[in-house]
Structures are given as C-alpha cells and as structure tokens.
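To start, the structure itself, in structure tokens.
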C-alpha cells in the first residue's frame with residue numbers, strides 16, 4: 001500500500017474542518033449548502049484515494065453513489081431557492097397593493 005494516497009486522504013479530511021466552520025458560521029443558506037456540497041465532493045475524493053490505496057474497487061462504486069447524491073442535493077437546493085425568490089416579490093407586491 002502506498003502512503004501518498006493515505007496522506008492525501010488525511011489532508012482532505014483536515015480541509016473538512018474549514019467546511020464545518022462555514023456550515024456553523026453561515027451566514028446564508030447558500031453558504032451552508034456549498035459547504036455541504038464540499039463535504040460530498042471531499043468524501044468522494046477520500047473514497048477514491050482509499051480505493052486506490054487498498055485496491056478495493058467497491059469503494060469506487062460507493063464514491064460514484066456519493067457523487068450522484070451530491071449532484072441531486074445541489075439541484076434540489078437550487079430549485080427550492082429559485083422558487084422562494086419567485087415567491088418573495090409576489091408577496092411584496094400584494095402587500096404594497098393593499099397598503
């Protein structure tokens with residue numbers, strides 16, 4: 001087993017601490033979502049490095065599933081945020097018309 005992939009995996013896991021800090025501090029939901037996507041991307045990278053280091057092709061399959069879940073999560077968040085932006089001006093306009 002080569003030590004370089006394991007060293008890189010540890011480095012990527014240390015970078016997740018910065019993402020965790022961004023999730024805690026925010027300030028917006030978009031910042032938190034991007035940090036969560038960073039978790040998914042880094043998780044995929046760590047799994048691929050471990051698959052290479054351990055010669056375990058099953059970990060590549062798990063990494064592909066994580067990548068797919070991260071893409072679906074990002075798309076769902078974008079769709080939800082887009083709908084909320086469309087709804088907010090309509091509510092503001094109706095309150096203005098009432099006043």
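The values are calculated or read from the model by the stated rules, or taken from the named source; none is laboratory data. Source: prediction; values computed, not measured. Glycine also receives a Cβ, built like all others from the backbone with ideal geometry; neighbour counts cover every protein chain displayed.
Within the stretch 14-40, being closer than 30 Å to residue 55 by Cβ and within 14 Å of the chain's Cα centre (by Cα) holds for 15, 16, 17, 19, 37, 38, 39, 40. The numbered conditions (1) modelled with pLDDT of 80 or more; (2) at positive phi are all true for residue 26 except (1).
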